[in-house]
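**Student:** Pasting a structure here, questions to come.
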Amino acid sequence: MASADQATDGYSAVFFMEEGRIARQMRASEFGAFLDGYVGLSDLAETDVKAVLIELGGDLLVRSLVFFRIWFDDEGRADTSWNVPIEALAKDGAKGPDMGAGPIRLVCRSQCPDPKFAKELWDPDMTPGNNHFLAIRKAVESNTLRFQKIEPVEEDIPVLNAKEEPAKEKEDDGAASADRARLAQLIREQRLRIKTLQSVHRDSLADLQREHRNEMQSLRSEMADLEQKYERQRLTSEQLKQRLSERNEQYLSMQEQIGSADEDKKRDDANVGAELVLLREQLERKQRELEMRDEKIVSLEEENHELRHREPPENSILDHLRKQSVFLVAYHAGVGHLTLPFDDIETYFTNPVAYAAERCGMNEPAYREWLEHYENPVCGHQDGDGNECAEPIMRVSQPAEFRPGVDDRCEQHQA
């Protein structure tokens, strides 16, 4: 059997956390294989994982915890540039909660011995019903990874006789010392809770501020569009009024001409009457068009007012989205993950590809041409019979760098 020190050296594991629960467990050696790129996890592709390094003693009680983040690429492999020394940080962690063997060594975002790695860490949740420490302790106690417990070596303990019993003063001092230790541990845990809550509050506030800026920008764009639309309608209405005024002047002028005409022109009255009827019909039609334009302007003004002040139905999905209780995230090649602002949801679902193309600064056809190359990077040259070359070529991962006819052709057909 291995000695206690030798066994304890291997007692470290990595837990992947997801919404307050343990989603995956592995020994530290297995996690090292992921870092070396020998294996990948397809279910974690394009995912920012919250993980915890757990170091245990031979009694299978937690000695230290390091809460860290790690990114898995589109093939489910760990980020090759990730270089957080979690084992070294675990040795320098500050005192944390008591998880059965006294205060642990704790490393997290708000309690990091080396500030340059703080952004690569995260803070545990200590709220009732969602306590990460409790979830980790239960998982360790279940011992799914089957660590072998090292039983302590029994030693002969001398028995004191009645004459050697310590004095009552020493007993009181020991009890006081134990109370002070418990009080100090409680204070440490409360300070850690305050730090983590402050960190979560800062992150939530930053997210809300970012979403607010995006929403305000979207509203300003919408207002600008409505103002332009209203201005065009106003100009059209003014032009129609001007044309109607000119028609009225023509009509009055013709009436004056008809009133002052000689008797010898009575034979033309029939033609004049027909033209007058035609002009009246045209005048009435223009008048109706003007009224319709005025009604449309009023309708647009009402619509503008409604858009500015409307609220989604209470407890509806859109209402939850507006209140930031839910976020919609979409993924598109060349863009990555997109957090959809409330006002962009309808636009996105109308044409997701066009939305992604706009985020790339491209038109939809150009983005689709790049997307076809990205998903199937082969030479697209066709000979006289319509047969495609289909020779594998280098993939251009950024849409803006793609050159049609060059990057989607092999060296032989680029010319």
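The values are calculated or read from the model by the stated rules, or taken from the named source; none is laboratory data. Note that this is a predicted model, so its numbers are computed, not measured. FYI the Cβ positions are ideal-geometry reconstructions off the backbone, even for glycines, and counts take in every protein chain you see. What goes into the accessible areas is simple: the full protein's heavy atoms, side chains included, and nothing from ligands, DNA or RNA. Shrake-Rupley method; radii C 1.70, N 1.55, O 1.52, S 1.80 Å.
**Student:** With respect to the numbered conditions (1) on the phi < 0 side of the Ramachandran plot; (2) open to solvent by 20 Å² or more (accessible area, probe 1.4 Å); (3) in contact (Cβ under 8 Å) with a residue 40 or more places away in the chain, which one is the sole condition not fulfilled by E46?
**Tutor:** It fails just one condition, (1).
**Student:** Of the residues E164, E151, E171, E155, which single one is more than 27 Å from S29 (Cβ to Cβ) and either at pLDDT 60 or above or among the aromatic types (F, W, Y) (or both)?
**Tutor:** Details: E164 fails: either at pLDDT 60 or above or among the aromatic types (F, W, Y) (or both); E151 fails: more than 27 Å from S29 (Cβ to Cβ); E155 fails: either at pLDDT 60 or above or among the aromatic types (F, W, Y) (or both).
So the residue among E164, E151, E171, E155 that is more than 27 Å from S29 (Cβ to Cβ) and either at pLDDT 60 or above or among the aromatic types (F, W, Y) (or both) is E171.
**Student:** Kindly establish whether V107 is aliphatic (A, V, I, L, M) and buried (at least 21 other Cβ atoms within 10 Å of the Cβ). Break it down into steps so the answer makes sense when it comes.
**Tutor:** Details: aliphatic (A, V, I, L, M): yes; buried (at least 21 other Cβ atoms within 10 Å of the Cβ): yes.
Yes.
**Student:** Which residue is most open to solvent (accessible area, probe 1.4 Å), if the candidates are limited to the stretch 131-146 and must be touching a strand residue (DSSP E or B) at 6+ places or on another chain (Cβ under 9 Å) and in a loop (DSSP other than H, G, I, E, B)? Before the answer, list the steps.
**Tutor:** The initial filter retains those residues of the stretch 131-146 that are touching a strand residue (DSSP E or B) at 6+ places or on another chain (Cβ under 9 Å), namely 132-133, 135-140, 144-145.
Then drop every residue that is not in a loop (DSSP other than H, G, I, E, B), which leaves 144-145.
Working: T144: 88, L145: 35 Å².
The extreme case among them is T144.
**Student:** Which numbered condition in (1) modelled with pLDDT under 95; (2) closer than 26 Å to D125 by Cα; (3) open to solvent by less than 60 Å² (accessible area, probe 1.4 Å); (4) touching a Phe, Trp or Tyr at 6+ places or on another chain (Cβ under 8 Å) is the only one that W71 fails?
**Tutor:** (3)
**Student:** With at pLDDT 90 or above, among the hydrophobic types (A, V, I, L, M, F, W, C), surrounded by 14 or more Cβ atoms within 10 Å (Cβ to Cβ) and within 18 Å of M126 (Cα to Cα) as the only criterion, which of V52, V84 stands out? Show your work before the answer.
**Tutor:** On the way: V84 fails: within 18 Å of M126 (Cα to Cα).
The unique qualifying residue is V52.
**Student:** Can I ask one more? Any residue that is of a type in the set (F, W, Y) and touching a residue at least 40 places away in the same chain (Cβ under 8 Å) - is there at least one of those in the stretch 121-129? Talk me through it step by step, then tell me what you get.
**Tutor:** At the first step, the residues of the stretch 121-129 found to be of a type in the set (F, W, Y) are 122.
Subsequent filtering for residues that are touching a residue at least 40 places away in the same chain (Cβ under 8 Å) retains 122.
Within the stretch 121-129, one or more residues are of a type in the set (F, W, Y) and touching a residue at least 40 places away in the same chain (Cβ under 8 Å).
**Student:** Quick one: which residue in M292, M254, M223 is within 30 Å of F342 (Cβ to Cβ), part of a helix (DSSP H, G or I) and of a type in the set (A, V, I, L, M)?
**Tutor:** Values: M292 fails: within 30 Å of F342 (Cβ to Cβ); M254 fails: within 30 Å of F342 (Cβ to Cβ).
Just a single option satisfies the conditions, and that option is M223.
**Student:** Grab the helices (runs of 4 or more DSSP H) fully contained in the stretch 339-407, keeping just those with 2 or more residues being buried (at least 17 other Cβ atoms within 10 Å of the Cβ).
**Tutor:** Values: elements: 345-350, 352-359, 364-375.
Passing ranges, in order: 352-359, 364-375.
**Student:** Within the stretch 65-108, track down each residue that is among the small types (G, A, S) and out of contact with any Ser or Thr (no Cβ under 9 Å at 6 or more places or on another chain).
**Tutor:** Taking the stretch 65-108 and keeping what is among the small types (G, A, S), we get 76, 78, 81, 88, 90, 93-94, 96, 100-102.
The answer is A78, S81, A88, A94, G100, A101, G102.
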